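Worksheet for the structure shown next.
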């Protein structure tokens, strides 16, 4: 198996690939123009991105969802898939919600929000809260036990820090303050690491411009 | 004199400082001669864990849940390709599915790259985009193969149940809305026997690490440092010599080249400044 050409390896060596590299390179330079205070090219690049994203989302919704999973199955077997008929009516109601009575237009939105919340909440409790609470309990010995205890104490302090606006004693207030500082420390450390990782993305773009686009050093 | 300094501050040094910073980064990168994604590849247990997990016997049918974020994909791209190379080399099949539109766009590009790289069509299965976010993920536990999918691999997956349980392991490439957390919460709770490994960018590191610590993820490579260490682990694998090109990440460009990119930036800014000056003069 051979690697793709260039740094990203996402573009083929034919005419379409070359055109894609040029478009990507020009778009990169347009986005970077804000670094030297040129707002207009930057705005162009933003509009290009927004337009492409909107078009792509519409395309993927039609090609990969609406046609193969709703309209084609309904056309092939109209009576055999009653749930799809319901889905079609709800999709139409969502699309025409602007012109329909509010309760009718709100129905598909309510179903989407309700179903999403149900899946997310159920999964969060069973898949995150319970196992993470169990994992907090120090069960090993030696350094593992110490680290588990420290983790449990930090987690408890951070949870106490979320007791906003409740009248509490001096001890709880002090603990909440400690938890807040621990949380800030954690977020700060993560943001620092995140900032450094962004430099890697910048380097990747530089390598793309010089390697894939200009073809230098290959 | 004061006015002159102010003008320099307005149109000169201050304006070019960000571009100078970009140049400095490029020069440092080039002088460092960094290979790969330019990060220290010191020993990272997590990288070794992922390498061992994917190298374990019985990992023949791998599901790749490909949902990275376009903006941060470059951070983990070398690790993802190293994982692909390791799996292809080991003879595994790759079935790729996406639950986010962004992930789908990148998945199509990576599948195309694998095909251009010579991976046999019979070892790749494009499972497409599944709508519905977490609800779609739950539905995929029992029905994952699209009706139109054909070929021996698609049939084998259908014969094995057609859902996520038909695979020997799942490699989650995170970064978007559906990542390791969703997989642990929605799939891990319904199919507890599923082996789930993940590669995620730094932005998801605080979210994903607790799942690895609790054992809900079987392996996790999170962030640039671990990704770089994993690439090194695959590259240094004795079995890799014949297929080392597969996970090749091009070396940094020679020192002069990032300067050219920076110079182009400067030219864009200069052209904009001149155009602005002309407009003001014309007005």
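The values are calculated or read from the model by the stated rules, or taken from the named source; none is laboratory data. Please read all numbers here as calculations on a predicted model, not as lab measurements. Quick reminder, even Gly has a Cβ in these numbers, built from the backbone with ideal geometry, and neighbours come from all protein chains shown.
Structure values in brief
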quantity	calculated
Considering residues of the stretch A:125-155 that are surrounded by 15 or more Cβ atoms within 10 Å (Cβ to Cβ), within 12 Å of another protein chain (Cβ to nearest Cβ) and under 24 Å from residue A:176 (Cβ atoms) only, the residue modelled with the lowest pLDDT	A:136
Qualifying helices (runs of 4 or more DSSP H) (wholly inside the stretch A:1-94; at least 1 residues being within 24 Å of residue A:212 (Cα to Cα) and more than 13 Å from chain B (Cβ to nearest Cβ))	A:15-32, A:39-61
Residue that is farthest from residue A:60 (Cα to Cα), among those in the stretch B:128-158 that are more than 11 Å from chain A (Cβ to nearest Cβ) and crowded, with 20+ Cβ neighbours inside 10 Å	B:157
Single residue of the stretch B:235-272 satisfying the filter (modelled with pLDDT of 75 or more and surrounded by 15 or more Cβ atoms within 10 Å (Cβ to Cβ)) that is nearest to the other protein chains (Cβ to nearest Cβ)	B:235
First in the stretch A:31-49 and on the phi > 0 side of the Ramachandran plot, second anywhere and in a helix (DSSP H, G or I), Cβ under 8 Å, 6 or more apart	A:37/B:15; A:37/B:269; A:37/B:272; A:37/B:273
Residue within the stretch B:162-169 that is within 30 Å of residue A:113 (Cα to Cα), away from chain A (no Cβ under 11 Å) and in contact with a strand residue (DSSP E or B) (Cβ under 7 Å, 6 or more places away or on another chain) present	yes
So residue A:200, is it under 30 Å from residue A:17 (Cβ atoms), within 14 Å of another protein chain (Cβ to nearest Cβ) and part of a helix (DSSP H, G or I)	yes
Qualifying residue in the stretch B:117-126 (condition: at the interface with chain A (Cβ under 9 Å from one of its Cβ atoms) and more than 22 Å from residue B:230 (Cα to Cα))	yes
When residues of the stretch B:198-234 are limited to those that are facing chain A (nearest Cβ under 10 Å) and assigned to a loop (DSSP other than H, G, I, E, B), the one nearest to residue A:186 (Cα to Cα)	B:201
Residue, nearest to the chain's Cα centre (by Cα), within the stretch A:156-182, restricted to residues that are surrounded by fewer than 16 Cβ atoms within 10 Å (Cβ to Cβ) and under 21 Å from residue B:214 (Cβ atoms)	A:159
